[in-house]
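Participant: Here it is: the structure, laid out below.
The values are calculated or read from the model by the stated rules, or taken from the named source; none is laboratory data. Just so it is clear, the structure is predicted and the values come from calculations on it, not from any experiment. No Cβ is skipped: glycine too gets one built from the backbone with ideal geometry, and neighbour counts run over all protein chains shown. Side chains are part of the model used for accessible areas, which takes the heavy atoms of the whole protein and leaves out ligands, DNA and RNA. Shrake-Rupley method; radii C 1.70, N 1.55, O 1.52, S 1.80 Å.
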Amino acid sequence: MRGKFITLEGMDGAGKSTHIPEIITALESRGFEVVNTREPGGTPLGEGLRRILLHEAMHPETEALLMFAARREHIAQVIEPALARGAYVVSDRFSDASFAYQGGGRGVTAEKLELLESWVHPDLQPDLTLLFDVPVEVSVQRLANARSPDKFEQESVAFFTKIRNAYLSRAAKSPERFRVINSNQPKDRVKQLLLDIVDTL
Ligand code: TYD
């Protein structure tokens, strides 16, 4: 039986990294093979592109193209083989991040991103996308306390406002795939919400 593809999304500072290990543990404790991966990255080539993407300035469309190039490799090397053998793939970000960051944040048109999406994964969409949502001020405050911020984490409040809005409107368009998690509440409460969702998988 084919596995399931779960993606985690949200602004920087929305708290998804805290909760990924809990989701992995919950799935593993039910006996599933779980592949824990991330974007940009997930393959040697993708991790190389990640270092460039997170630290070098570039044209917004170059950024979009490299995100999807890394994704193409990730799907071929990691995601598809894992799903085919019945594993659960948990990916820290996927294409919704390109629509939010390169689309909403940098202004790459939806048409161009949709073109890349239909090229790179015409038949693949996550079975479930957990969108970690917090008010922009909360995310910016959390980032202010972060150690060495990368290129995206140094962006402005205006940028993060566009990211959040882009994510929420994407979630509204595919309510059957998205679960929006209010992560501006105590961690234990968020954890419980997530475990309840994972239980239904
Ligand atoms: P992130 O997932 O937040 O990792 P960490 O917790 O280690 O900082 O960092 C990845 C960054 O890449 C994040 O700022 C969003 C950005 N990104 C895009 O702009 N477009 C994409 O398509 C993807 C996958 C990520």
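Participant: Would you be able to tell me the number of residues in the stretch 105-124 that are small (Gly, Ala, Ser) and near the ligand (Cβ under 10 Å from one of its atoms)?
Facilitator: Here is the first cut: in the stretch 105-124, the ones small (Gly, Ala, Ser) are 105, 107, 110, 118.
The next check asks that each one be near the ligand (Cβ under 10 Å from one of its atoms); those that pass are 105.
The number of residues fulfilling the criteria is 1.
Participant: Here is a list of conditions, (1) free of Cβ contacts under 8 Å to residues at least 40 places away in the same chain; (2) surrounded by fewer than 18 Cβ atoms within 10 Å (Cβ to Cβ), and Leu54 meets all of them except one; can you say which number that is?
Facilitator: Tallying (1) free of Cβ contacts under 8 Å to residues at least 40 places away in the same chain; (2) surrounded by fewer than 18 Cβ atoms within 10 Å (Cβ to Cβ), Leu54 fails exactly one: (1).
Participant: Pick from the stretch 90-133 the residues that are touching an Asp or Glu at 6+ places or on another chain (Cβ under 9 Å) and β-branched (Val, Ile, Thr): which of them is farthest from Arg50 (Cα to Cα)?
Facilitator: Out of the qualifying residues, it is Thr129.
Participant: Tell me yes or no: at least one residue of the stretch 59-66 is loosely packed, with under 15 Cβ neighbours inside 10 Å, within 13 Å of the ligand (Cβ to nearest atom), of a type in the set (A, V, I, L, M, F, W, C) and free of Cβ contacts under 8 Å to residues at least 40 places away in the same chain.
Facilitator: No, that holds for no residue.
Participant: Out of the residues in the stretch 24-51 that are assigned to a helix (DSSP H, G or I) and under 25 Å from Gln154 (Cβ atoms), which is most open to solvent (accessible area, probe 1.4 Å)?
Facilitator: Arg51
Participant: A follow-up question, please. Select from the stretch 76-104 the residues that are open to solvent by 10 Å² or more (accessible area, probe 1.4 Å) and assigned to a loop (DSSP other than H, G, I, E, B) and write down the one among them that is nearest to the ligand (Cβ to nearest atom).
Facilitator: Result: Arg93.
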